[in-house]
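Peer 1: Here it is, the structure, as structure tokens.
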Amino acid sequence: MRSTALLSSLLLAAAPALAQSPTGTPPSPVRPETQVSPPLRAEPAPPADAPLAAAAGDAPLPVANAEQQRLVNGAPLNNPNVAVHVVQKKRFADAGRHEFTLYPGVPQINGRFTRHAGTGLQYTYHLQENFGLQLTGHYNWYANESDFNLELIDKVREQAQAASALLLSWGALAGVEVTPLYGKFAFYDNHLLQFSVVLSGGAGFGSTRVLIRPEVTQQVDGVGSVVPARFGDTGGKFLGSVGGGLRVQFGDSMALRLEVRDQVYTARVDRVDGCNQRDFGLLEDARGSGQTFAELDLSGSCRFQKFDGVDPKTGKNYREDIVLGKDLVGNPSSDVLNNLGFYAGFSYLF
């Protein structure tokens, strides 16, 4: 009876615990409630031109001041923290505009037998943005044979053929100009200049001359005097021109041009001052006999007055140049000459 009562007491003591776990396993202890963090908010993206944040431990990047952030023609050129890549149309359009260019000094840069220096004036009508029509005129206020050729004449009594030393007095050409490339660049960090690569070509007419007698110094009564050089007209010649260079535009109406042009002209010397070989033969015979030149049967183009009379300044008798003129046309020569010049000028556009 005692054992039965003891078993009943044990069952009654275990009943509350079994009621809490149907499987007979003791319940796990209650854990504290897990804390859930709120969702992170997305920070706004920084602007594209903002300076990069400095890495941890690095020195902060310098911040551009108001002067550095000043825009120049739309681009912050002085801001060290901003790199700008811009494709922008030309600031000043050329189509439909007129342009006058003055070249105050045009020196020849390839003279072997000749030397030229002159002044040029050019008009350009920009028919389209990259195509224009041109009229160009120039006058060579200095045109003479080179020092090399003059030295040959003075020391060995030899000189280049007349055609190879033909001099260009003036010329007029009509042509076209093409602008295949243009762009802009910064000047002194606060100016943007517009530039264009220009290519030109044209054809026209020019006047030529040849040296008959070089400048000499003569002694008269123990006093030295300079007899200036004597040139003879050799008529008009066909001219061709090709060139290329750079045009830099300042503002809306001013530009600077730097170009190299090659003027090509045919050279044939068979007349000097309009007189051919036959005319010089008649003039030489008349000079020896004292006959008047006006009575001679000369060609209609021969300007015999150029070889008659005395120079009032130097007392030089022009008849002495007849032999020199005859030597020039005695062996007619021909050549094609290239007059390569450097053109630096200023333009006005409207």
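Peer 1: Go ahead and run the numbers for FRET between Leu199 and Gln161, Cβ-Cβ distance against an R0 of 30 Å, rounding to 0.05. Write out the running numbers ahead of the final one.
Peer 2: Working: r = 33 Å, r/R0 = 1.10.
Efficiency computed from Cβ-Cβ geometry: 0.35.
Peer 1: Over the range 103-155, with the other protein chains present, what is the accessible area per residue in square angstrom, probe 1.4 angstrom? Mind showing how you got there, number by number?
Peer 2: Numbers: 2760 Å² over 53 residues.
Result: 52 Å² of accessible area for each residue.
Peer 1: Taking amide H positions as placed in the peptide plane 1.01 Å from N, state which residues far from Ile212 in sequence (5 or more) or on other chains have amide H under 5 Å from it.
Peer 2: Arg230, Phe231, Gly232
Peer 1: Please work out the FRET efficiency for the pair Phe131 and Gln291, using the Cβ-Cβ distance as r and a Förster radius of 56 Å; give the result to the nearest 0.05. Could you put the intermediate results ahead of the total?
Peer 2: On the way: r = 61 Å, r/R0 = 1.09.
After rounding to 0.05, the efficiency reads 0.35.
Peer 1: Hey, another quick one. Using 0.36 nm per residue of separation minus the Cα-Cα distance, give me the extension gain between Val226 and Asn317 in nm, one decimal. Mind dumping the intermediate values first?
Peer 2: Details: separation 91, 0.36 × 91 = 32.76 nm, distance 1.45 nm.
Gain on stretching Val226 to Asn317: 31.3 nm.
Peer 1: While we're here: In whole Hz and in residue order, list the ³J(HN,Hα) couplings for the range 279-284 that follow from phi through the Karplus curve 6.51 cos²θ - 1.76 cosθ + 1.60, θ = phi - 60°; x for Gly and Pro.
Peer 2: Whole-Hz 3J(HN,Hα) from phi for the range 279-284: 4, 5, x, 5, 5, 5.
Peer 1: Could you list, bin by bin from short to long, the percent of Cα-Cα pairs of the range 194-275 in 5 Å steps?
Peer 2: All Cα pairs, binned at 5 Å, distribute as 3, 11, 13, 11, 11, 11, 10, 10, 8, 6, 3, 2, 1 percent.
Peer 1: In nanometres, what is the gap between the two model label sites at Val310 and Val176, each 7 Å from Cα along Cα-to-Cβ?
Peer 2: About 6.0 nm, to one decimal.
Peer 1: Label-point separation (nm) for Val260 and Asp147, each offset 7 Å from Cα along Cα-to-Cβ?
Peer 2: Result: 2.2 nm between the two label points.
Peer 1: Would you please give the FRET efficiency between Leu192 and Leu246, computed as 1/(1 + (r/R0)^6) with r the Cβ-Cβ distance and R0 = 22 Å, to the nearest 0.05? Spell out each step's value before the answer.
Peer 2: Working: r = 16 Å, r/R0 = 0.73.
With R0 = 22 Å, the Cβ-Cβ based efficiency is 0.85.
Peer 1: How far, in nm, would the chain grow between Phe342 and Arg303 when pulled straight, counting 0.36 nm per residue and subtracting the alpha carbon separation? Mind showing how you got there, number by number?
Peer 2: On the way: separation 39, 0.36 × 39 = 14.04 nm, distance 3.54 nm.
Stretched out fully, the Phe342 to Arg303 stretch lengthens by 10.5 nm.
Peer 1: Which sequence of Glu320, Glu129 reflects their accessible areas, 1.4 Å probe, from the largest down? Each step should come with its number before you reach the end.
Peer 2: Details: Glu320 95, Glu129 55 Å².
Ranking Glu320, Glu129 by accessible area, largest first, yields Glu320, Glu129.
Peer 1: Something else: What is the spin-label model distance, in nm, from Ser253 to Phe92 if the labels are put 7 Å beyond Cα along the C-beta direction?
Peer 2: Calculated label separation equals 1.0 nm.
Peer 1: Right, something else. Relative to the present Cα-Cα distance, how much length would full extension add between Glu215 and Lys184 at 0.36 nm per residue of separation?
Peer 2: On the way: separation 31, 0.36 × 31 = 11.16 nm, distance 5.02 nm.
Fully extending the segment from Glu215 to Lys184 adds 6.1 nm.
Peer 1: Can you give the Rg to Rh ratio for the range 193-350, taking only C-alpha atoms and Rh from Kirkwood? Each step should come with its number before you reach the end.
Peer 2: Values: Rg = 22.4 Å, Rh = 19.2 Å.
Result: Rg/Rh = 1.17.
The values are calculated or read from the model by the stated rules, or taken from the named source; none is laboratory data. Worth saying up front: this structure is predicted, and the values here are computed from it rather than measured. All Cβ positions, even for glycine, are placed from backbone atoms using ideal geometry, and neighbour counts span all protein chains on display. Just the protein is used for accessible areas: all its heavy atoms, side chains included, with ligands, DNA and RNA removed. Shrake-Rupley method; radii C 1.70, N 1.55, O 1.52, S 1.80 Å.
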